[in-house]
Amino acid sequence: MRSVLGALALAAGAGWITPPALHAQTQTGLTEKQARAAVVPYVRAATDCIAKQMGEDPRFATFVREARTMDLLPEAINRCRPAVRTMIEMHDRYYGPGYGEQFARGPYLDDLPRAAGARLKEQISAIIARDAADAEARINRIAATRERKEATTKELWSCIGEKTIALVSSGERAELVADAALALCSSELGRYLDASIAWEGLQGTAPASLVALRDELAAAARKQAVTLAVVAKSRGAPPASPSQSSLGSSSKEASAVRGCIDEMARTARSKLAEQDAKLAAILDLCRPEIEAAARASFTGSNETLDELRQRAFVDAKAMAERALGR
């Protein structure tokens, strides 16, 4: 590779450095200015060739992103051998035999990264700008997909809740009520699944896994619908409004939470030493009952499921503290 690098000549615009042995007169009797004017076109051609080869390399964009564009220089120089050898010959012609290689190994090689970079500046800037635009578009796409997922989730469960309440008086088993509600809400379910799959795809889930994931999400939705139907049937009436949905009510799901907490509190009093640890353990063990109570209040409520979960958790925590005698 050194023999290739030695064939380089001074790049155009890099600043001319006068040969130490030829201050006033060149080999051909021309002045320094005249010799320089004769050589510059060949210098430009060689440097243009090297920069062009770098910019056309399939790895160029990747190397720009990794801030190692100049790692492409050696191969680009090798592909420009004819232009480089012409450059060295012209230097030898105007400055004397051997001068071209000596000069190329020094000042030209030192300046080549700058000279090639200047020629590639617009191409590099375009890659950076395109990457920035792509990043911004991805951020916007993620935000829009998240909003769509949240909206379709709310839409689905609003529909299922409404249909479940309408169907629960039929006396059918909870599974049949849930299946009927899902069938009536098939459009909402489809939009929810599409949005959920789109979201998972943006998170990096492999395409091959998305098909199975769609089935899993549909199965999970049915399971939640059955749970909602069970709760609705146990109440025998539409879920209470938000103002009536605290766990202090006499509803069956609230009783289930209270029963769970009382049982866990008795265990905690004998097995756990720290009050905070007891409280955390009770709430964790009773989480399924707390979740069921929140979902029972969700249908027909103006509050979001997250808000109802928070409300149910606060009420459950108060119950647990009373059960522990705090």
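The values are calculated or read from the model by the stated rules, or taken from the named source; none is laboratory data. Treat the numbers as computed from the prediction; the structure is a model and nothing was measured. Cβ: placed from backbone, ideal geometry, glycine included. Neighbour counts: every protein chain shown.
Quick notes on this structure:
- Qualifying residue in the range 46-57 (condition: within 28 Å of the chain's Cα centre (by Cα), assigned by TED's automatic domain parsing to the domain that holds Phe103, outside any loop (DSSP other than H, G, I, E, B) and among the hydrophobic types (A, V, I, L, M, F, W, C)): no
- Those residues of the range 91-125 which are at pLDDT below 90 and of a type in the set (A, V, I, L, M), in sequence order: Ala104, Leu109
- Single residue of Gly171, Gly161, Gly190 found to be within 13 Å of Ala221 (Cβ to Cβ), of a type outside the set (A, V, I, L, M) and surrounded by fewer than 17 Cβ atoms within 10 Å (Cβ to Cβ): Gly190
- Residue check for Thr164: of a type in the set (Ser, Thr, Tyr), at pLDDT 90 or above and assigned to a helix (DSSP H, G or I): no
- Odd one out for Ala183 among (1) of a type in the set (A, V, I, L, M, F, W, C); (2) loosely packed, with under 13 Cβ neighbours inside 10 Å; (3) closer than 30 Å to Leu73 by Cβ: (3)
- Within the range 58-86, if we keep just the residues that are among the acidic types (Asp, Glu) and assigned to a helix (DSSP H, G or I), the residue that is nearest to the chain's Cα centre (by Cα) turns out to be Asp71.
- Search result, residues across the range 144-180 that are farther than 21 Å from Arg191 by Cβ and of a type in the set (S, T, N, Q): Ser169, Ser170
So that you can scan it fast, the table gives a plain yes or no per residue for (1) modelled with pLDDT under 70; (2) outside the structural domain of Ala151 (by TED's automatic domain parsing); (3) of a type in the set (A, V, I, L, M, F, W, C):
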| position | (1), (2), (3) |
| --- | --- |
| Ile261 | yes, yes, yes |
| Arg266 | yes, yes, no |
| Gln275 | yes, yes, no |
| Leu283 | no, yes, yes |
| Pro288 | no, yes, no |
| Ser297 | no, yes, no |
| Ser301 | yes, yes, no |
| Phe313 | no, yes, yes |
| Met319 | no, yes, yes |
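- Taking the conditions (1) touching an Asp or Glu at 6+ places or on another chain (Cβ under 7 Å); (2) at positive phi in turn, Leu210 satisfies each one other than (2).
Yes/no matrix, rows are residues, columns are (1) assigned by TED's automatic domain parsing to the domain that holds Ala218; (2) surrounded by 11 or more Cβ atoms within 10 Å (Cβ to Cβ):
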position: Arg119; (1), (2): no, yes
position: Ser125; (1), (2): no, yes
position: Ala129; (1), (2): no, no
position: Glu150; (1), (2): yes, yes
